[in-house]
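Scroll down for the structure; my scribbles are underneath it.
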Amino acid sequence: MKNHNKSVSMKSSLFLLIAGIILGTVFTFGMQFWNKKVSREECISLKTKITSCDIIHSSGRPTDIKEIKVNCSDGKSYLIDGVSVTDKLNKDLSLLQSNTEVSLLIHPDSNVLLEIKTADRTYLRYEETTDNLETEKTGFLLLGIFSYFCGVVGLYYTIINFVKGKN
């Protein structure tokens, strides 16, 4: 007769416990803070000049854009989250002349750009960007819940290993 009581090692169960708690906390609370919906009035409003834009690709998928780093004349950089990047936005930003004066709306809890406007054109729209970040936030919440579940499984196997070690 086969023994179906497969055990998880103490190292694996502790890893699952610790990783589940850490990742669950980051995904559940961190992303809820960094991507929370904010009103236009709560945003940081800034007039500056864009000096360049750098595309940052996902490490595992070089064709996917993780974010666009927008460098400004004040020496600061701001990010456009990948969920808001479209081919059109990418193309339009690449055609934007260096030292073009822009108005930016920046999320107050992160360096994420919510809107980019020039005197005659809007490149990144506040409403669309906040909706995209809200959708991303929901996905990370689900990932956080799953991570906590993994932490509970790790706790269960840690207790089983501890009890077995006492006998």
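Read the figures in this text as sums done on the coordinates, not as results from a lab. These numbers come from a predicted model, not from an experiment. Note: ideal-geometry Cβ built from the backbone for every residue, glycine included; neighbour counts use all protein chains shown.
Among 71, 99, 111, the largest mean-square fluctuation in a Gaussian network model of the chain, built with springs joining Cα atoms closer than 10 Å, belongs to 99. In straight-distance terms, cross-link reach from residue 37 covers every one of the aspartates and glutamates whose alpha-carbon lies under 13 Å from its own, apart from those fewer than eight places away in the same chain; here that gives 109, 127, 128, 131, 134, 136.
What you get for the chain, charging only the Cβ of Lys and Arg (+1) and of Asp and Glu (-1), is a dipole of about 1040 debye around the Cα centre. Assuming a ≥ b ≥ c are the square roots of the Cα gyration tensor eigenvalues, decide whether the stretch 1-125 counts as rounded (a/c under 1.5), prolate (otherwise, with a/b larger than b/c) or oblate. In terms of gyration-tensor shape, prolate. Pairs of lysines in the stretch 40-125 whose Cα atoms sit within less than 19 Å of one another amount to 15, provided the residues are eight or more positions apart or on different chains. Only helices enter the 222 nm calculation for the chain: every DSSP H run of n ≥ 4 contributes -39,500 (n - 2.57), and dividing by all residues gives -14000 deg cm²/dmol, rounded to 500.
For the stretch 56-95, the residues whose backbone nitrogen is under 11 Å from a point 7 Å from the Cα of residue 44, taken along Cα to Cβ, are 76-79. Each label point was placed 7 Å from the Cα along the Cα-to-Cβ direction; for residue 88 and residue 61 their separation is 2.2 nm. Considering only 96, 116, 55, the residue lying farthest towards the positive end of the dipole of the stretch 40-125 is 96, judged by Cα position with unit charges set on Cβ. Across the stretch 7-123, C-alpha contacts under 8 Å between residues 6 or more apart give a mean separation that, scaled by the residue count, equals a relative contact order of 24 percent.
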